[in-house]
1. State which residue pairs qualify: first residue surrounded by fewer than 16 Cβ atoms within 10 Å (Cβ to Cβ) and inside segment 79-107, second residue among the acidic types (D, E) in any location, beta carbons under 6 Å apart, and separation of 6 or more residues or different chains.
2. Give the number of residues within segment 198-216 that are within 14 Å of the ligand (Cβ to nearest atom) and in contact with a strand residue (DSSP E or B) (Cβ under 7 Å, 6 or more places away or on another chain).
3. Go over the candidates L182, L129, L124, L146 one by one and state the one that is at pLDDT 95 or above and in contact with a Lys or Arg (Cβ under 7 Å, 6 or more places away or on another chain).
4. Just give me the residues in segment 221-276 being on the phi < 0 side of the Ramachandran plot, within 12 Å of the ligand (Cβ to nearest atom), among the aliphatic types (A, V, I, L, M) and touching a residue at least 12 places away in the same chain (Cβ under 8 Å), in sequence order.
5. Is there a residue in segment 167-174 that is assigned to a helix (DSSP H, G or I) and over 30 Å from L229 (Cβ atoms)?
6. If you go through segment 289-313 one residue at a time, how many are more than 10 Å from the ligand (Cβ to nearest atom) and within 19 Å of the chain's Cα centre (by Cα)?
7. Pairs please, first residue from segment 309-328 and aromatic (F, W, Y), second anywhere and assigned to a helix (DSSP H, G or I), Cβ atoms under 9 Å, 6+ apart in sequence or on different chains.
Amino acid sequence: MLYVANSERYSNMKYNRCGKSGLKLPAISLGLWHNFGGVDTLENSREMIRRSFDLGITHFDLANNYGPPAGSAEETFGKILKDDLNCYRDELIISTKAGYYMWPGPYGDWGSKKYLVASLDQSLKRMGLDYVDIFYSHRPDPETPLEETMGALDLIVRQGKALYVGISSYSYEQTKDAVRILKKLGTPCLIHQPEYSMLNRWIEGDLQNYLLSDGIGTIAFCPLAQGILTDKYINGIPEDSRVAKKTGFLKSEHVTTDKINKVKGLNEIALLRGQSLAQLALSWVLREGKVTSALIGASRVRQIEDNVKALDNLDFCEEELIRINTILSG
Ligand SMILES: NC(=O)c1ccc[n+]([C@@H]2O[C@H](COP(=O)([O-])OP(=O)(O)OC[C@H]3O[C@@H](n4cnc5c(N)ncnc54)[C@H](OP(=O)(O)O)[C@@H]3O)[C@@H](O)[C@H]2O)c1
């Protein structure tokens, strides 16, 4: 059926400025790492993208290797874009990345200029796009000079194949070096994409302070710890969960008793706040405005609807934060 976007789509979403740039991102963005591959149902993927856009989610995050098979999430997105969202292209922020293994031989992995430039050309073809809004170096490469990787990002912007660039999973030291090189080249680093959630707080301190003071945005990936920070694993592993899926990156050994005990404690706080645990986890990531956007994943429409409601309650009192910290450090 012909898709017409909800005319109210911008009334409830919150848009945050990405660092000191001119770009605003929705407080909740949707990532296509899982559930949009060739192994998944196209119609479910389509419903999730349509519903997201109707809820004001304007940012969709991809990478060359998302699937499985690798590349197929970009193909799925390209198809949905062509069928449903073509006339909304200027209302969308589409990102992709290169940095993990994509094709055999010495030029299909890590951070060389050869790999990044070729990979983005392939991504653009798969998605049927002339340009992406954000292109990322997906991970730091210990063997390629950082000047070369950042030079590739700068080149890609100058070629008009990306409007902005970002880095993902770079440490504090690597980030400082990357930002300095990019500044010198005249292509500022728009955004950092690190993992960040109640169960993974590595960015707090040096990296987060640096990003804030230098005017670089932060988009937090896996804010729900791939689903652990929801109520779904409290009573075991459901059949329709990422852990139960053969192609999922979350394995049963990651769902430890220690984590589930924490989840149970956090769930009590969520209930007192009138939130689902997923909503609590997202509100917490977005607290105090230090993170530009929480980059969620979803396997069905109702999860996206549930998650967006986190924005109704982003404030925490001191006592709640102390209780949360006590649970997390227990
Ligand atoms: N830069 C990087 O290196 C990197 C790495 C990883 C991810 N990412 C990005 O981050 C995005 C998000 O990653 P993620 O999918 O792991 O994020 P996540 O939001 O932590 O986990 C998403 C999963 O949680 C479950 N879920 C979501 N909402 C729920 C709800 N309301 N109630 C119950 N369960 C819920 C679903 O699992 P079920 O499938 O079990 O229903 C869903 O697939 C990716 O798509 C990608 O764009 C980037």
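The values are calculated or read from the model by the stated rules, or taken from the named source; none is laboratory data. Every value quoted in this text rests on a predicted model; they were computed, and no experiment measured them. Please note: Cβ atoms are built from the backbone with ideal geometry, for glycine as well, and neighbour counts cover all protein chains shown.
1. Sorted first by the residue in segment 79-107, then by its partner, the pairs are Y101/D109.
2. Qualifying residue count for the region: 0.
3. Going through L182, L129, L124, L146 in turn, the sole match is L124.
4. Correct list: L224, I228, L229, I234, I237, V243, L250, V255, V263.
5. no
6. Residues in segment 289-313 being more than 10 Å from the ligand (Cβ to nearest atom) and within 19 Å of the chain's Cα centre (by Cα): 7 in total.
7. F316/S283; F316/W284; F316/R287; F316/E288; F316/I324
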